[in-house]
1. Distance from the Cα centre of the range 13-29 to that of the range 238-305, in angstrom?
2. Considering only C-alpha atoms, what is the centroid distance from the range 72-104 to the range 368-390, in Å?
3. For the range 236-339, what does the convex hull of the Cα positions come to per residue, in cubic angstrom?
4. Which log10 I(q)/I(0) values, to two decimals, does the range 311-403 give at q = 0.12 Å⁻¹ under the Debye formula with one point per Cα?
5. If you average the sequence gap of Cα pairs under 8 Å that are 6 or more apart and divide by the length of the range 311-403, what percent do you get for the contact order?
6. Can you give the net charge of the other residues whose Cβ lies under 15 Å from the Cβ of SER230, counting K and R as +1 and D and E as -1?
7. Ranking CYS350, CYS83 by Cβ neighbours within 10 Å, fewest first, what do you get?
8. How many percent of the alpha carbon pairs in the range 27-107 exceed a separation of 16 Å?
Amino acid sequence: MSRAPYVAEILKRPVFKTAQLISGVKGINRQVRWVHILDIEHPSKMIYGEELILTTGSGFRRKNDALLQYVSELIEANASGLCVEIGEYIPEIPPAVTAMADQHHFPLIVFHTEVRFVDITKDLHEWIIHVKYAQSEQEQAMLQERVWVEQLISGDNADIMRSFTAVTHPLVFGVLAIGLPSHCLLNSATTCSIKPAEWFKVTKSAFKKFFRDVVVAVEAERIIVVLDRSNHFHVWESMVRDAWQQLQTLAAQHLFYGEQLAVGAGIIAQDSYSIAKSYLTAVEALAIQKKMGKENILFYERAGIYRYISLFTDNHTLLQMATIDLEVIENHDRKYGTDLLNTLQVFLDCDRSKQQTADLLYIHRQTLYHRLEQIRQLLGTDLNDPIQRLALHVAIYTRKFHLM
């Protein structure tokens with residue numbers, strides 16, 4: 001296998017004719033094994049290492065150190081370099097960022113005019129696949145499908161959409177995000193003996209047994225699978241569970257034994273242009289599943305209130321509100337050894353059925369009445385009011401989600 005191209009060689013490509021290397025000059029001999037468009041705030045989970053990253057910053061939050069943190073994560077993850085489009089989202093490169101890039105010999109490349117990143121990725125991917133690598137058919141198929149998935153989830157390349165639809169039969173799609181076992185993360189400090197090509201092979205084999213069209217991409221921390229979803233949801237759900245079981249079996253036979261693979265299933269994509277949204281919800285479902293840990297597979301449609309709560313994970317506003325709403329009961333439980341918070345949750349979960357609540361708590365109805373009266377007095381809340389009741393229910397599950 002011949003070597004991957006260097007950053008210095010890539011800068012000579014026609015698609016880089018308007019680019020400027022502004023720092024990290026001593027790192028231009030870094031090899032580039034792949035190219036990503038990553039307009040997300042925390043990129044480290046999406047890469048293996050030795051990739052060239054392209055960004056406009058459109059997914060960053062408007063805070064002063066966002067780009068500095070972004071570059072720091074790329075350096076830590078052993079990325080080969082960063083290309084930034086100077087524009088609306090990143091109007092200039094802060095001196096602290098260029099200084100960090102120089103310190104770590106990390107090539108920082110800027111485009112001062114608008115460029116089509118999809119053209120850059122297409123050019124470099126074709127070069128890497130067809131010129132620099134003499135790979136087996138399976139490895140080439142793996143890389144080609146990874147190109148497809150990356151372009152599909154970016155949602156902005158009409159050519160890729162058309163070519164993908166031309167070689168796949170369904171018009172309705174679903175995306176799965178499968179978490180890799182903790183000891184097999186491809187960007188971890190420890191060396192994993194299982195190669196991406198092996199994950200690709202067993203995943204493809206497992207899902208092809210149940211789905212006609214299967215596209216697989218192996219990322220640093222998860223496997224992305226794009227599937228036909230033309231069947232009714234319940235049928236599709238059953239097929240996914242069967243394929244997951246087959247994947248577990250193959251993984252145990254050929255890769256590792258023990259840890260169960262977690263899966264997040266995204267919402268339906270009515271066409272190839274909607275695959276990006278299905279991908280985002282699959283990743284979100286996987287994150288929720290890892291928090292909940294009840295079942296191995298979580299379908300986004302079944303995540304309930306957690307779909308809303310998870311949106312506030314990065315800021316603590318919702319958690320603070322939930323804490324304020326419930327702290328008087330929590331304090332009472334701690335001080336007197338009571339079980340009022342759990343009683344309130346079960347009561348609300350049972351849609352205020354006193355008999356069902358008492359049965360689940362293994363207490364007499366009279367005991368339940370006493371507890372509910374204590375809760376009413378402590379909270380000053382009318383549990384017959386649907387708005388107040390909903391607020392308490394959300395507060396309880398917000399606390400549970402953050403404490404998982």
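1. Centre-to-centre (Cα) distance: 39 Å.
2. 53 Å
3. On the way: hull volume 16.8 nm³, N = 104.
Convex hull volume per residue, Cα atoms: 161 Å³.
4. -0.37
5. Details: 68 pairs, mean separation 36.2, N = 93.
RCO, the range 311-403: 39 percent.
6. On the way: positive: ARG212, ARG229; negative: ASP213, ASP228, GLU237, ASP271.
With Lys, Arg at +1 and Asp, Glu at -1, the net is -2.
7. On the way: CYS350 16, CYS83 23.
Ordered by Cβ neighbours within 10 Å, fewest first: CYS350, CYS83.
8. On the way: 1441 of 3240 pairs.
When all Cα pairs of the range 27-107 are counted, 44 percent exceed 16 Å.
Values in this text are rule-based calculations from the coordinates and carry no lab data. Values in this document were obtained by computation on a predicted structure and should not be read as measured data. For neighbour counting, all protein chains shown are included, and Cβ atoms are generated from backbone atoms with ideal geometry for every residue, glycine included.
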